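Read through the structure below, which is laid out as C-alpha cells, and then see the notes.
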Amino acid sequence: MKITLSQFLSYAAKTTTYGKLTAVQKIKENTAYEPATDYWKPIRDGLHHVLQGNMTFDNLSQVAASATQRGNKQKNYLEAVSKLESFFKNRQYVYRAAPKATWSNDDESLQVTASPEFVLAMDGTNYLIKVFYRVKKHDERLTKWNIGSSLMLMDKATYSEQPEHSVPAILNLQTQQLVTLRDIKEPNEALLQADAAMFVTLWSRA
C-alpha cells in the first residue's frame, strides 16, 4: 500500500486506537489524489510563492478571503495564513524546492511518499520542512511524543537529492512551532516500524 506523508502524519497524530482506525479507513477510502478535494492546496501552493518572493502574505490573505465560507474553509484559511505570517516574518531564510523522497517499512508492505514541502536554509542548516495544517480535532494532537515517527520516517527516507547538513522538520501550525528531529529526546526507528506495522494491521481490518 502507498500513502503520503500527510496521511501518515494524520494517522500518527491520533490519540486513540479508535481514532487511528478511523484515520486509516478514510485514507483507504481516498487512495486516489484529486486536486479538487485537497483542502489546503490553495494555501500550500501560495506559501511556496510567498517564500520564493513572488507573493506577499497580504496576497495570500486575499486568496484565503476568497475561499467559500462553507465548512469554515475561509475562516480556517485566514487563521492558517495569520499563523504562517507570524512564524516567518522575523526569520531569515533561503528557499529551495524539495527533493522527492520515499520510505518503506522493513517488509515493504507500506510505502510512504516522504517528500518535504520545501527546503529552507536557516542558520547554517537545511531544514526539510513539512507543514502540519490540520484543523484541531478533539482526538488529534501532534506532540513531541507522537511526532517522532514521522520525523524519523523523513530522516530514513531515500531522497532523489538530499542537501548537506539537512534536518527533517515539521511546522505544526496548531502550536506555531517548528519541531525537528534534533528536538526529539530519543529518536527511535523501532517505534517508527511499530507505528507502520500498526497502520498495516488497521488497514487490513478497515
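The values are calculated or read from the model by the stated rules, or taken from the named source; none is laboratory data. A quick note: this is a predicted structure, and the numbers were derived from the prediction, not measured. All Cβ positions, even for glycine, are placed from backbone atoms using ideal geometry, and neighbour counts span all protein chains on display. We work out accessible area using only protein heavy atoms, side chains counted, and drop any ligands, DNA or RNA first. Shrake-Rupley method; radii C 1.70, N 1.55, O 1.52, S 1.80 Å.
Before moving on, here are some points about what is shown:
- The residues in the range 195-206 that are at pLDDT below 95 and small (Gly, Ala, Ser) can be counted, and the count is 2.
- Residues located in the range 108-145, provided they are within 15 Å of Val179 (Cβ to Cβ), open to solvent by 30 Å² or more (accessible area, probe 1.4 Å) and not aromatic (Phe, Trp, Tyr): Arg134, Arg141, Thr143, Lys144
- Any hit, the range 30-43, residues being surrounded by 14 or more Cβ atoms within 10 Å (Cβ to Cβ) and basic (Lys, Arg): no
- Looking only at the range 17-37, residues that are at pLDDT below 90 and polar (S, T, N, Q) come to 3 in all.
- Strands (runs of 3 or more DSSP E) wholly inside the range 95-206 containing at least 2 residues that are free of Cβ contacts under 8 Å to residues at least 60 places away in the same chain: 101-104, 118-122, 125-132, 166-172, 177-180
- Evaluation of Thr143 against (1) in contact with a Phe, Trp or Tyr (Cβ under 8 Å, 6 or more places away or on another chain); (2) modelled with pLDDT under 90 (one fails), failing number: (1)
- Condition met for Leu47 (more than 17 Å from the chain's Cα centre (by Cα), touching a residue at least 40 places away in the same chain (Cβ under 8 Å) and in a helix (DSSP H, G or I)): no
- Candidates Leu78, Leu51, Leu21: the one that is open to solvent by less than 30 Å² (accessible area, probe 1.4 Å) and in contact with a helix residue (DSSP H, G or I) (Cβ under 8 Å, 6 or more places away or on another chain) is Leu51.
- Screening the range 85-107 for residues that are open to solvent by 20 Å² or more (accessible area, probe 1.4 Å) and small (Gly, Ala, Ser) and picking the one that is farthest from Val167 (Cα to Cα) gives Ser86.
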